[in-house]
Amino acid sequence: MKFFVDTADIGEIREMNEAGLIDGVTTNPSLILKANRPMRDVIAEICESVEGPVSAEVTALTAEEMIREGKLLAAIASNVCIKLPLTLDGLKACKALTDEGFETNVTLCFSATQALLAAKAGATYVSPFIGRLDDININGMELIADIRRIFDNYDFETQILAASIRTLNHVREAALIGADVATVPTSTLRALVKHPLTDKGLETFLSDWKKSGQTIA
């Protein structure tokens, strides 16, 4: 499973990329707001820092305007992936942009049938929001499983990008089900590394090494 980092913080992105942990980046208008810088500058800097796809989201509501904005975003860098809302106009824009060779990420997906439509429109990625479904007492992981089965049934090439991930179990379950990508905050990536037994084992090893009186020269 690929990992995308869900942030517009260039420092965090560079740190995770240097560790070899991320395959791409996802942004949205809320994350751009937190960056407190012009969107074009933020996206350009991120695209220079990572080789993988960088999702940049349109803000228009009509297909025509989404296509126009999408092309402007794609002109920033070759690895921009145009992010579109899962609306009828968003699907129209997805089809048009995909037909012209652009990568697309259809976002705000909350049902398997929505994902099916995104795949039929040719989306490169579809982003089901796990955590937001959990917030209203709907099992978000069941949605990932349903989409995986549908896509496998019909050999769709659209990749499942598990989004709105809130817990470490979300990551584990998404990987077990077969999501192609998980987009996570940097705090979640850091937490995935941690385990108390790892810390305890390292403490023991270092203590014993100190007692040995040796050095690695």
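At-a-glance table
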item	result
Sequence-distant residues sharing a close amide H with Asn79 (under 5 Å, placed H)	none
Ordering of 85-97, 165-177 by burial proxy (mean other Cβ atoms within 10 Å per residue, highest first)	85-97, 165-177
Helix-derived mean residue ellipticity, 222 nm - over the chain, DSSP H n ≥ 4, -39500 (n - 2.57), to 500	-16000 deg cm²/dmol
23 Å Cα-Cα reach of Lys194 towards lysines, excluding residues that sit fewer than 8 places from it in its own chain	Lys2
Accessible area (Å², per residue) of the chain, counting only protein heavy atoms and a probe of 1.4 Å	54
Projected area, mean over directions - the chain, Cα convex hull, nm²	14.8
Ratio Rg/Rh, restricted to segment 143-184 and using Cα atoms, in which Rh is the Kirkwood radius	0.97
Cα gyration tensor shape of segment 118-200, rounded if a/c is under 1.5, else prolate or oblate by comparing a/b with b/c	prolate
With Cα atoms, 0 to 90° folded angle of helix 140-154 axis to the chain main axis	60
Proximal lysine pairs, segment 9-125, alpha carbons under 17 Å, eight or more residues apart or interchain	8
Gaussian network model of the chain, Cα within-10 Å springs - most flexible of Thr198, Thr104, Thr62	Thr198
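The values are calculated or read from the model by the stated rules, or taken from the named source; none is laboratory data. Nothing here was measured: the structure is a model prediction, and the numbers come from that model. Glycine gets a Cβ as well: all are built from the backbone with ideal geometry, and neighbour counts include every protein chain shown. What goes into the accessible areas is simple: the full protein's heavy atoms, side chains included, and nothing from ligands, DNA or RNA. Shrake-Rupley method; radii C 1.70, N 1.55, O 1.52, S 1.80 Å.
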